[in-house]
Amino acid sequence: MDLMDIQAPPQGAYAEADGVKYHYIELGTGSPTIFLHGGGPGCTGWSDFGQVAPLFAAGRRCLLVDILQYGKSAKPVIEGPMWDYHAARTVALMDALEIDRADFVCNSWGGTIALNLAAKYPERVRSLVVTGSMPVFYGPLAPLPEGGRRGRNARDVYYGGEGPSLAKMRELMARLEWYDPEAIPEGTVRLRYEQSLDPEETALAGASDNPRGDWQDLTAELGTIQAPVLFMWGMQDAFLTPDYPLMLARMIPKGSLHVMNEASHHLQEERPYDFHSVVDGFLNQRHG
């Protein structure tokens, strides 16, 4: 299978978790590993990890989750601290699936959820791999691009004007998510575009940040995380340069950083074999 040309998503399943319904795709058997995707328009567990998940599924039980307000999962209006809400519901999903403890492999938005989960529910997390996430609102060397609002601004542009289109989705991915625009698979663009047309997602986007809950800075939480955390970063990440995850890795007692060249915000899609090689090696370490 050519992992650079994403396959059609396999049959998924649903689970009730503390009053909300999650959709997820399960592959493989073995140690439970939860994949949480990013917050870009049309993102799902499969769109972000479908290219690399079969490699992990050779030795792990992989659960590619659509986080709330995305994909085929429920799209509730969130009130109160947003990362606390997502972390609590993700733990409820683990309970529903009878998973006591898991490894997490996460991109962007999903990584911030997992970091907060590791801080608030330490017994549920064995280890974390985090790519392109922004759990704190400052950088060590310079202000964050567009005041940390680059993703939200891009979402507003994508849904604004004449609305979503295949061309706008490709432009967004080329500008913010991939190092090599020519390598973006047409199948991934179409998958993201078609999901972005979901009426509930469109309504959430139209309301900007209001239904997504109150933004939280996780500075205090990072220092309490006991699980090993590997930050996997693209050297050319359009949101946050590698000095940012180095700062995060130093804030976490067992934090480390791997920077991958010729990769941007979605390195698990751009370089799936290399991503799997590094991440699988980390996950297979004796984390206890």
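The values are calculated or read from the model by the stated rules, or taken from the named source; none is laboratory data. Quick caveat, the model's predicted, so the values are computed rather than measured. Positions of Cβ are generated from backbone atoms using ideal geometry, with glycine treated the same way; all protein chains shown enter the neighbour counts. Just the protein is used for accessible areas: all its heavy atoms, side chains included, with ligands, DNA and RNA removed. Shrake-Rupley method; radii C 1.70, N 1.55, O 1.52, S 1.80 Å.
Among the residues of the stretch 150-176 satisfying the criterion of being basic (Lys, Arg) and more than 17 Å from residue 206 (Cβ to Cβ), which is most open to solvent (accessible area, probe 1.4 Å)? So, considering only residues that are basic (Lys, Arg) and more than 17 Å from residue 206 (Cβ to Cβ), the one most open to solvent (accessible area, probe 1.4 Å) is 175. Is it fair to say residue 200 is acidic (Asp, Glu), open to solvent by 10 Å² or more (accessible area, probe 1.4 Å) and either in contact (Cβ under 8 Å) with a residue 60 or more places away in the chain or part of a loop (DSSP other than H, G, I, E, B) (or both)? Yes: the conditions hold for residue 200. Only a single item in (1) open to solvent by 40 Å² or more (accessible area, probe 1.4 Å); (2) in contact with a Cys (Cβ under 7 Å, 6 or more places away or on another chain) is not met by residue 142, and it is number (2).
Table: residues versus (1) over 23 Å from residue 128 (Cα atoms); (2) outside any loop (DSSP other than H, G, I, E, B).
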position	(1), (2)
6	yes, no
23	no, yes
51	no, no
54	no, yes
62	no, yes
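Taking the numbered list (1) open to solvent by 10 Å² or more (accessible area, probe 1.4 Å); (2) closer than 23 Å to residue 57 by Cβ in turn, residue 279 passes all entries but (1).
Condition (residue is at pLDDT 95 or above and closer than 14 Å to residue 13 by Cβ) applied to the stretch 99-115: is it met by at least one residue? Checking the stretch 99-115: at least one residue is at pLDDT 95 or above and closer than 14 Å to residue 13 by Cβ. Test residue 134 against the criterion of being modelled with pLDDT of 90 or more, closer than 29 Å to residue 190 by Cα and open to solvent by less than 20 Å² (accessible area, probe 1.4 Å), and give yes or no. Considered against the rule, which asks whether it is modelled with pLDDT of 90 or more, closer than 29 Å to residue 190 by Cα and open to solvent by less than 20 Å² (accessible area, probe 1.4 Å), residue 134 comes out as no.
Would the stretch 51-65 turn up any residue that is touching a Ser or Thr at 6+ places or on another chain (Cβ under 7 Å) and surrounded by fewer than 24 Cβ atoms within 10 Å (Cβ to Cβ)? So far as the stretch 51-65 goes, yes, one or more of its residues are touching a Ser or Thr at 6+ places or on another chain (Cβ under 7 Å) and surrounded by fewer than 24 Cβ atoms within 10 Å (Cβ to Cβ).
Only a single item in (1) over 25 Å from residue 234 (Cβ atoms); (2) surrounded by fewer than 18 Cβ atoms within 10 Å (Cβ to Cβ) is not met by residue 186, and it is number (1). On the given criteria, is residue 79 among the acidic types (Asp, Glu), at pLDDT below 95 and over 16 Å from the mean Cα position of the chain (by Cα)? Yes.
Residue-wise test of (1) within 24 Å of residue 206 (Cα to Cα); (2) in contact (Cβ under 8 Å) with a residue 40 or more places away in the chain; (3) open to solvent by less than 10 Å² (accessible area, probe 1.4 Å).
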site: 72; (1), (2), (3): yes, yes, no
site: 81; (1), (2), (3): yes, yes, no
site: 95; (1), (2), (3): no, yes, no
site: 104; (1), (2), (3): no, yes, yes
